[in-house]
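Here is the structure we will look at, set down as structure tokens.
FYI, it's all coordinate maths here, none of it is from the lab. What you see is a predicted model; the values in this text were computed from it and never measured. Backbone-built Cβ (ideal geometry, glycine too); neighbour counts: all protein chains shown.
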Amino acid sequence: MLTEKGQSIEDASMQVIENEIGSHNYNEKEWPIVRRVIHSTADFDFARNNLIIFHNDAIENGLNALKTGRSIVVDVNGVVGLINKQRVKEFGNNIICKISDSEIVLQAQKENKTKSQMSMRMASSDIDGGIVVVGNAPTALLEVIQMVKEKAVKPALVIG
């Protein structure tokens, strides 16, 4: 939760984004997400060049997964710090990050995979029906895509 001053600064920042971008191709559910990405990165090209693509059901599926307490699987510990813990607590979600588990290192070496790939494989039961957030490791995202193709998992939402 922001202080009054913090909220005032954020509101002003969001207005700068609105003024700079003007009209855009995102709908009323997508735009707040894109605007937050711009706010976090200071990169207006996300909106100018339509760089963020939403599946038709992405937002609804993600909200349903959150509201029903499904797990949020992330690729690296740094992503954990970016997730709103108050909302996670409200909805009863678990944040799963296996990248530092000792078992992941051993299994990755054994199967000649990256730790990121193996951490996604080892979190498959949490990924199925849950949310995946990839903020750093492309091999984690590629592994989730492969697992979906294999019908090993069906995540509600993948952000990457």
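Worth pointing out:
- In order through the stretch 69-75: 3J(HN,Hα) via Karplus (6.51 cos²θ - 1.76 cosθ + 1.60), integer Hz, x for Gly, Pro: x, 5, 6, 10, 9, 10, 7
- For the chain, the longest piece that avoids every one of the trypsin sites (Lys or Arg not before Pro) found in DSSP loops with at most 16 other C-beta atoms within 10 Å covers 30-150.
- Between the amide H of residue 73 and those of 96, 131, 132, 133, distances stay under 5 Å, these residues lying 5 or more places away or on another chain, with hydrogens modeled in the peptide plane.
- Gyration tensor (alpha-carbon) shape descriptor, the stretch 45-122, a/c threshold 1.5: oblate
- Helical content alone sets the calculated 222 nm signal of the chain at -15500 deg cm²/dmol, taking -39,500 (n - 2.57) per DSSP H segment of four or more residues and averaging over every residue.
- Among 94, 61, 25, residue whose mean-square fluctuation peaks in a GNM of the chain (springs only between Cα atoms under 10 Å): 25
- At an R0 of 30 angstrom, the distance between the Cβ atoms of residue 84 and residue 142 translates into a FRET efficiency of 0.65.
- Sites residue 24 and residue 56 - FRET efficiency at Förster radius 25 Å, r taken between beta-carbons, to 0.05: 0.90
- Integer Hz, Karplus 6.51/-1.76/1.60 couplings in order for the stretch 57-68, x for Gly and Pro: 9, 4, 5, 4, 4, x, 4, 4, 5, 5, 5, 9
- Computed from Cα atoms, the angle from the helix 4-21 axis to the main principal axis of the chain rounds to 80 degrees.
- Qualifying aspartates and glutamates (Cα of each under 19 Å from Cα of residue 154; at least 8 residues distant if same chain): 57, 60, 75, 126, 128, 143
- Shown for the stretch 1-129: lysine pairs separated by 8 or more places, or found on different chains, whose C-alpha atoms are under 25 Å apart, numbering 12.
- Helix 102-111 and the longest principal axis of the C-alpha atoms of the chain enclose an angle of approximately 70°.
- For the stretch 149-154, putting each phi into the Karplus relation 6.51 cos²θ - 1.76 cosθ + 1.60 with θ = phi - 60° gives couplings of 4, 6, 6, 7, 9, 9 Hz, in residue order, rounded to whole numbers and with x for Gly and Pro.
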